[in-house]
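Down below is the structure, laid out as structure tokens.
The values are calculated or read from the model by the stated rules, or taken from the named source; none is laboratory data. Being a predicted model, the structure only gives us computed values, none of them experimental. In this analysis, Cβ positions are derived from the backbone assuming ideal geometry, glycine residues included, and neighbour counts consider all displayed protein chains. Remember, those area values only see protein heavy atoms, side chains included, never the ligands or the DNA or RNA. Shrake-Rupley method; radii C 1.70, N 1.55, O 1.52, S 1.80 Å.
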Amino acid sequence: MLRVHELTRRFGQLTALDRVSFEVAQGSLHGLIGPNGSGKTTFFNLVTGFLRPSSGRVIWQGQDISACKPHRISRLGMARTFQNTSNFASLSARDNLLIACRNQVRSSAVARLLHLASAVREEREQLILVGGLLERFGLAEVADVPACELPGGTQKVLGVALAMCTAPRLLLLDEPLAGLNPGEKAQLMLTLRSLRDDGFTLLLIEHDMKAIMQACDRITVLCYGHLLTEGDPAHVSQHPETIRAYLGEEAA
Ligand SMILES: Nc1ncnc2c1ncn2[C@@H]1O[C@H](COP(=O)(O)OP(=O)(O)OP(=O)(O)O)[C@@H](O)[C@H]1O
Ligand SMILES: [Mg+2]
């Protein structure tokens, strides 16, 4: 579904990502891990068009998208969340979601002005979609609270729900569990797995090893811009290079 080939990004003297090649299979929950500064967020920025590669290619469903802008990539079916919590205004969680859905409207403004059946139907569909997302992400009880008053962890969950408003084929999540308490983490991981079970593809950057190992089908390990290893959780957790990268030389 998504393939990167020899993907490289330099910032001046620093090579943040160095000839990284791997593939995210359709319908998988794929983990991207690695110590701080290993190039994970840079990878997301390259894939979603926020940064240009220094060299190498990003291939989405057979098409080279290395030079595409973020809005075009989003239209191709990718959505992402950002590492730092979004700042929400005083709108409720429900209204945030409705606005995000309306940004996707298909019917023309004219159809909406004239209350044509297509526009009315679409409006109804959006309300149903938002209701479903609120339920699915455990936000139904706080749906009408101003989002800026929600606890940080709940705001992060809302950020993931917002990314789903475009019904992306690939969802890229940059440390969605950071700042969540253990109960919220377990709940969000269940939700992510259920999205995978429903056919969505997810690429997840996360430092919480337990969550990654339990939930992911496949894991790619980066270290200082290099791809260290890749495989299923059992393979990756036993790989000496991974252990070295995480626990230091002696443990390996
Ligand atoms: N816009 C930029 N300009 C210069 N250097 C950058 C830029 N973005 C990232 N870097 C550098 O590239 C390297 C990789 O950073 P990146 O944010 O991709 O790491 P990360 O794996 O996401 O780390 P973390 O786990 O801390 O989020 C770091 O050394 C970082 O300082
Ligand atoms: Mg990062």
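Keeping to segment 15-39, report how many residues are within 17 Å of the chain's Cα centre (by Cα) and farther than 19 Å from I59 by Cα. So the answer is 2. Among the conditions (1) away from ligand 1 (no atom under 16 Å from the Cβ); (2) among the charged types (D, E, K, R); (3) closer than 26 Å to S21 by Cα; (4) in contact (Cβ under 8 Å) with a residue 24 or more places away in the chain, D208 misses just one, which is (1). Output yes when any residue across segment 16-25 is more than 16 Å from ligand 2 (Cβ to nearest atom), in contact (Cβ under 8 Å) with a residue 60 or more places away in the chain and under 18 Å from R80 (Cβ atoms), and no when none is. There is at least one residue in segment 16-25 that is more than 16 Å from ligand 2 (Cβ to nearest atom), in contact (Cβ under 8 Å) with a residue 60 or more places away in the chain and under 18 Å from R80 (Cβ atoms).
Taking residues in segment 139-151 that are modelled with pLDDT of 90 or more, and partners anywhere that are basic (K, R), the pairs with Cβ atoms closer than 7 Å and at least 6 places apart or on different chains are A143/R94; D144/R94.
Among the residues of segment 102-121, which ones are part of a helix (DSSP H, G or I) and closer than 19 Å to P168 by Cβ?
Restricting attention to segment 102-121, the residues satisfying the condition of being part of a helix (DSSP H, G or I) are 102, 109-113, 117-121.
Selection gives R102 alone.
For segment 9-55, the set of residues classified as of a type in the set (S, T, N, Q), more than 8 Å from ligand 1 (Cβ to nearest atom) and under 26 Å from D208 (Cα atoms) consists of T15, S21, Q26, S28, T48, listed by residue number. (1) open to solvent by less than 50 Å² (accessible area, probe 1.4 Å); (2) in a loop (DSSP other than H, G, I, E, B): which one isn't true of A89, the others all being true? Here A89 clears every test but (1). Of all residue pairs spaced 6 or more apart or on separate chains, those with beta-carbon atoms under 6 Å, a first member in segment 155-172 that is closer than 12 Å to L188 by Cα and a second member that is open to solvent by 10 Å² or more (accessible area, probe 1.4 Å) and among the aliphatic types (A, V, I, L, M) are A161/L133. Within segment 124-169, being among the basic types (K, R) and in contact with a Ser or Thr (Cβ under 8 Å, 6 or more places away or on another chain) holds for R136, K156, R169.
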